[in-house]
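Asker: What follows is a structure written as structure tokens; I'll ask about it next.
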Amino acid sequence: MIGILGAGSLGRLWGASLPAGSAGYLARPGQPLRDNLSYRFRPFNGPESTVRTPFLRAIDEPELILVTTKAGDTLDAIAGIVDRLPESTPILLFQNGLGSQQAVAGQWPERPILAASTTEGANRPQPDLLVHAGTGDTWVGPMTEPARPCLQGAVALLQASGLAIHPEQNILRRLWQKLIINAGINPYTAILDCPNGGILNAPLYQDTIEDLCQELSVLMEAAGQDRESPAALRQKIEGVALSTAGNTSSMRADVLQGRRTEIDFINGYLMKLGNDLGIETPVNQMLTERVQQLSAH
Ligand code: NAD
Ligand code: KPL
């Protein structure tokens, strides 16, 4: 049985995609016990159906935990359930950005902590409706030493979902690549209140993207990642902005719905890294502060 911590969009996508009976949600400590969670599922292709996924009982011993909370909730969410898990149970983190993964690995270095980078897209236009809005790929890799021997087993369990899952020894590299894209698209969409493609002609974007990519390039190299030129990073950011031109980014969606954004784990993470390494990051700082002003922080 796979345990899912965080029954939001991504957690429900896993609940709907894994074979019936192979996954269940972990209740928050103190949450009244329910038998199951029932919701409508609109797959990427095919007809809508109703999914009913159980809540795990105290006696259930999940063989893998998927953590699908927002980055800012992740440490507390795991702290709430970790004592009931054997030390050998792999914990797989699905958060966007960086910072939360290192915090969890640093808190529980003796546990098998894995991280995923996924380009699957799921959202909930209504509380009881889960939409699989975009199919993609999911890479899974180790964040702590004890996770290395668990990688293939975790990937095999997730492959039963039919989604495209791949093992990745260097998961930090994947997370950095996604971070670059999110840092170059998400805050602009939130500040400008526009879909991803709408940022490209906006003066705010055009006036700052070159300096942002310069900061990203220096930070990546200082963090031990392969050096990529500012022009190459800009090309990647604009390629994704164009290929997802009509999409509402997760950060814009959070602002529109009055939810806390993940800015502290995207441009905020980069700003903090710059502070720690003595690298100036004025554009990351400006974007972080402007998004923080828009949402509940
Ligand atoms: P979401 O807000 O829809 O879901 C998070 C869920 O976690 C919520 O239901 C919330 O109530 C629950 N939660 C919070 N604290 C908890 C706790 N202590 N115990 C149990 N549950 C708790 O967010 P999401 O869109 O599912 O995204 C989750 C993470 O996955 C984010 O970091 C996001 O960036 C990343 N991600 C999401 C998608 C996507 O398509 N939705 C794609 C890639 C990455
Ligand atoms: O990952 C995304 C997000 O919205 O968080 C992008 C790539 C910007 C697609 O919308």
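Asker: For the stretch 99-107, what does the Karplus curve 6.51 cos²θ - 1.76 cosθ + 1.60, with θ = phi - 60°, yield as ³J(HN,Hα) per residue in whole Hz, taken in order and with x for Gly and Pro?
Answerer: x, 6, 5, 5, 5, 5, 4, x, 6
Asker: Using Cα-Cα distances under 8 Å and only pairs 6 or more residues apart, what relative contact order does the chain have, in percent?
Answerer: 15 percent
Asker: Something else now. Quickly estimate the mean residue ellipticity at 222 nm for the chain, helices only: each DSSP H run with n ≥ 4 gives -39500 (n - 2.57), and the total goes over all residues, rounded to 500.
Answerer: Value at 222 nm, helices only, nearest 500: -12500 deg cm²/dmol.
Asker: So, in nm, how far is label Arg28 from label Ser229 when the simple model puts each one 7 Å beyond its Cα toward the Cβ?
Answerer: It works out to 4.9 nm between the two label points.
Asker: Please give the length that would be gained between Thr50 and Asp35 if that part of the chain were fully extended, namely 0.36 nm times their separation in residues minus their C-alpha to C-alpha distance (nm, one decimal).
Answerer: 3.8 nm
Asker: Can you give me the relative contact order of the stretch 2-169 as a percent, contacts being Cα pairs under 8 Å and 6 or more apart?
Answerer: 22 percent
Asker: Further question: Quick one: which residues, 5+ away or cross-chain, put their amide H under 5 Å from the amide H of Ser249? H built at 1.01 Å from N.
Answerer: Answer set, sorted by chain and number: Asn196.
Asker: Can you give the FRET efficiency to the nearest 0.05 for Asp76 and Asp207, using r as the Cβ-Cβ distance and R₀ = 25 Å?
Answerer: It comes to 0.05.
Asker: Hey, what's the Kirkwood Rh for the stretch 173-296 if you take every pair of different alpha carbons, in angstrom?
Answerer: Radius from the Kirkwood sum: 14.2 Å.
Asker: Have a look at the stretch 96-180 and give its Rg and Dmax from the Cα atoms, expressed in angstrom.
Answerer: Gyration radius and largest Cα-Cα distance of the stretch 96-180: 14.0, 40 Å.
Asker: Around Asp211, what is the net charge, scoring Lys/Arg as +1 and Asp/Glu as -1 over all other residues with Cβ under 13 Å from its Cβ? Walk me through the numbers before you get to the answer.
Answerer: Values: positive: Arg234; negative: Asp207, Glu210, Glu215, Glu280.
Overall, the nearby charge balance is -3.
Asker: Could you work out how far helix 282-294 tilts from the main Cα principal axis of the chain, as a 0 to 90 degree angle to the nearest 10?
Answerer: Helix 282-294 and the main axis of the chain meet at about 60 degrees.
Asker: Please give, to one decimal in nm, the separation of the simple spin-label points placed at Arg290 and Asp137, each 7 Å out from Cα toward the Cβ.
Answerer: Label-label distance for Arg290 and Asp137, simple model: 3.2 nm.
None of the figures in this text is laboratory data; all of them are computed from the coordinates on show. Please read these numbers as outputs of a predicted model, since none were measured by experiment. Virtual Cβ from ideal backbone geometry, glycine too; neighbours counted across all protein chains shown.
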